[in-house]
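Contents: one structure, followed by commentary.
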Amino acid sequence: MKEKFLPIGTVVLLKGGLKKIMITGLSSVSRDDSEKVYDYNGCIFPEGIMENVFSLFDAEQIEEVLYMGTMLYISSCISQYLCLYWLHTADSQ
């Protein structure tokens, strides 16, 4: 279970990746597999959001954090909520 989510705006390099990824969302579901919830979604950096080009990935896939996004109060609240939600979900299974 995640203890803390990286803030939106954080730029990472994924293991085996060639392009930098900027985190644009948390707890995302794939269109292909609605059962799998990924920790993050993101776009390539610095190109930004492009039609049908995005990444879904988990914390374990992050090799390096290149830039830490700003943790605003609302981001902190969302991160805490998601951590508590996943803790409760894991306990009920």
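The values are calculated or read from the model by the stated rules, or taken from the named source; none is laboratory data. If you're wondering where the values come from, they're calculated on a predicted model, not measured in any experiment. A quick note on method: Cβ atoms are made from the backbone with ideal geometry, for glycine too, and the neighbour counts reach across all protein chains shown. The accessibility values were calculated without ligands, DNA or RNA, using every heavy atom of the protein model including side chains. Shrake-Rupley method; radii C 1.70, N 1.55, O 1.52, S 1.80 Å.
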So for segment 6-25 (the condition being among the charged types (D, E, K, R) and either at pLDDT below 85 or more than 16 Å from Glu64 (Cβ to Cβ) (or both)), does at least one residue qualify? no
Is there a residue in segment 1-17 that is free of Cβ contacts under 8 Å to residues at least 40 places away in the same chain, in a loop (DSSP other than H, G, I, E, B) and basic (Lys, Arg)? no
Scanning segment 23-67 for residues that are open to solvent by 30 Å² or more (accessible area, probe 1.4 Å), assigned to a strand (DSSP E or B) and among the charged types (D, E, K, R), the one nearest to Val12 (Cα to Cα) turns out to be Glu64
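Being small (Gly, Ala, Ser) and surrounded by 13 or more Cβ atoms within 10 Å (Cβ to Cβ) is the filter; apply it to segment 68-93 and report the residue that is modelled with the highest pLDDT.
Ranking the candidates gives Gly69 first.
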Qualifying positions in segment 12-22 - touching a strand residue (DSSP E or B) at 6+ places or on another chain (Cβ under 7 Å) and open to solvent by 50 Å² or more (accessible area, probe 1.4 Å): Lys15, Lys19, Lys20, Met22
